[in-house]
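The values are calculated or read from the model by the stated rules, or taken from the named source; none is laboratory data. This structure is a prediction, so every number in the text was calculated from the model and none was measured. Please note: Cβ atoms are built from the backbone with ideal geometry, for glycine as well, and neighbour counts cover all protein chains shown. Calculation scope for accessible area: heavy atoms of the full protein, side chains included, ligands and nucleic acids excluded. Shrake-Rupley method; radii C 1.70, N 1.55, O 1.52, S 1.80 Å.
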Amino acid sequence: MEVGSCCGKADGERPASVSDLQEEGKNAINSPMSPALADVHPEDTQLEENEERTMIDPTSKEDPKFKELVKVLLDWINDVLVEERIIVKQLEEDLYDGQVLQKLLEKLAGCKLNVAEVTQSEIGQKQKLQTVLEAVHDLLRPRGWALRWSVDSIHGKNLVAILHLLVSLAMHFRAPIRLPEHVTVQVVVVRKREGLLHSSHISEELTTTTEMMMGRFERDAFDTLFDHAPDKLSVVKKSLITFVNKHLNKLNLEVTELETQFADGVYLVLLMGLLEDYFVPLHNFYLTPESFDQKVHNVSFAFELMLDGGLKKPKARPEDVVNLDLKSTLRVLYNLFTKYKNME
């Protein structure tokens, strides 16, 4: 552990200076329960009475799942804003003033917000943030999202708040990404009471499961099968394989594994054509998809064909099917099975 140069002197031999108070503040934050916070700035310890600051514990920042979450969100934002020639490198440094968040929301929602384009003052930035976040809230409130951010937390570069906001946006707009599940971080909360700094640690859950984050809180038969009757799951899979092969065999195609063979969307598209008795033009989908996006296109196209056939919107995301999520694939196929099982 590195020792500051001032530590060689006897602190009792001179009056406390501003630097001593800052050091004392850092020591209060660096409690024995947590590793030293390497990124604590002097201003983080200069709190008003009853004021508090929060920061992510450095050990959480090194967690592979946390790093993956940040990277996935960064890549997603940059993909969305590629035509705007905006490149985000650091979430807290690039999103706090509302400028990038405005562009991101406008692009995702296909709307134009009535805000000043560029503003340098703190008041102007917060006004812009207020407008952007109100628009976000109008979108998310009907979905029952817990809004775990505020103008002050975003403008204060609170990374936890920024991540909560981005995860909610990604889920609401069904971003073509796969967020790592069950990402939790340790957050250090520093409060000033009676002139002294007190630190505490809390766990903050950033992601749960994809299904929970998508708002699918209602459980269905497949949740029950997976959780309580895995032995019956194989029976269901056999029934579905028999059903799909009855139709795909007409094209000399055979399915043996539901987990993988529907993931690129090709069999789903062909199956819909067979069930509805029409030929699907090859230019509408990728017969030999190579990229993730091409596979998502195929599955999304198959979902459109299902809607055209009078089926309800599948309770799955195309991205989940492509990512070999068996429960999602089974839900889609079972939806077809219930409508077309008596077809000759």
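Please sort by residue number the trypsin sites (Lys or Arg not before Pro) in region 237-318 whose DSSP state is loop and whose Cβ has at most 11 other Cβ atoms within 10 Å.
Numbers: sites: K237, K238, K246, K250, K295, K312, K315; in loops: K312, K315.
Passing sites in region 237-318 are K312.
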Evaluate E = 1/(1 + (r/R0)^6) for T338 and S291, where r is the Cβ-Cβ distance and R0 equals 30 Å; express this FRET efficiency to the nearest 0.05. 0.40
Of every hundred units of 1.4 Å-probe accessible area on region 221-341, the number belonging to carbon and sulfur atoms, as a percent, is 54 percent
Just read off the accessible area of D308 with the full protein assembly in place, 1.4 Å probe, to the nearest 10 Å². 130 Å²
Per residue, how much accessible area does region 221-341 have with a 1.4 Å probe, in Å²? 50 Å²
Given pairs K71/K295; K61/K89; K71/K157; K65/K103; K61/K126 and cut-off 19 Å on Cα-Cα distance, the over-length ones are K71/K295; K65/K103; K61/K126
